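Only one structure is covered here, and it is reproduced in the block below.
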Amino acid sequence: VHMQAYFFKFDGLEGQLPPADETFKLTVATEADYDQLLIDTGDFFDAPRLQLENGELHIGRINGEIVAYGIIEPSKIYNKMASIGMIVCEGERQKGYGTKMLIALREHCMAKGIRPIAGCWYYNHQSKKTIEASGMYSQTRLLRVTF
């Protein structure tokens, strides 16, 4: 049995969740943001053009400067559920912006009546710590069983 990934949720923790940071501004990415988004994120997003057109990509700013990008990807299986994720600009890492992005995405989803979930690969310890710092916890894991 090999651990492959973690899946996170926040259900049942609503009274214990870290609050959003008022200095962190979340906006939906627009066509005008596309070139910079590609420069900052490389191949992180699966289909950035389509995700941009669908309004799934978001930008996080501190004092007007881009520090992170996020995604809210609607579930193809469940209504009113979406997977959230983020990437922090390389020069802005280790400053808590990943956590701020996930909290902002969570709040954005909740305001629209959407339940956010998140995931990361088992070996991605930094991502796991960031997701947990945003108030989410892993109840399930993706396992790979080989014989």
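Please treat every number below as a calculation from the coordinates, not as lab data. Being a predicted model, the structure only gives us computed values, none of them experimental. Backbone-built Cβ (ideal geometry, glycine too); neighbour counts: all protein chains shown.
Miscellaneous remarks
- Degrees, to the nearest 10: 97-111 long Cα axis against longest axis of the chain: 90
- With a Förster radius of 30 Å applied to the beta-carbon distance between residue 90 and residue 20, the computed FRET efficiency rounds to 0.80.
- Computed extension length for residue 110-residue 76: 10.4 nm, one decimal, from 0.36 nm per residue of separation with the Cα-Cα distance subtracted.
- Based on Cα contacts under 8 Å between residues 6+ apart, segment 29-147 shows a relative contact order of 18 percent.
- Here each label is just a point 7 Å from Cα along the line to Cβ, and for residue 61 and residue 132 those points are 3.4 nm apart.
- Distance between segment 133-147 and segment 22-65 - C-alpha centres, whole angstrom: 27
- Quick note on the chain: its Rg to Rh ratio, both from C-alpha atoms and Rh being the Kirkwood radius, is 0.96.
- Short-range pairs are left out: with C-alpha atoms under 8 Å and at least six residues apart, the relative contact order of segment 40-90 is 30 percent.
- Additional length obtainable on full extension of the chain from residue 146 to residue 2, 0.36 nm per residue less Cα span: 51.0 nm
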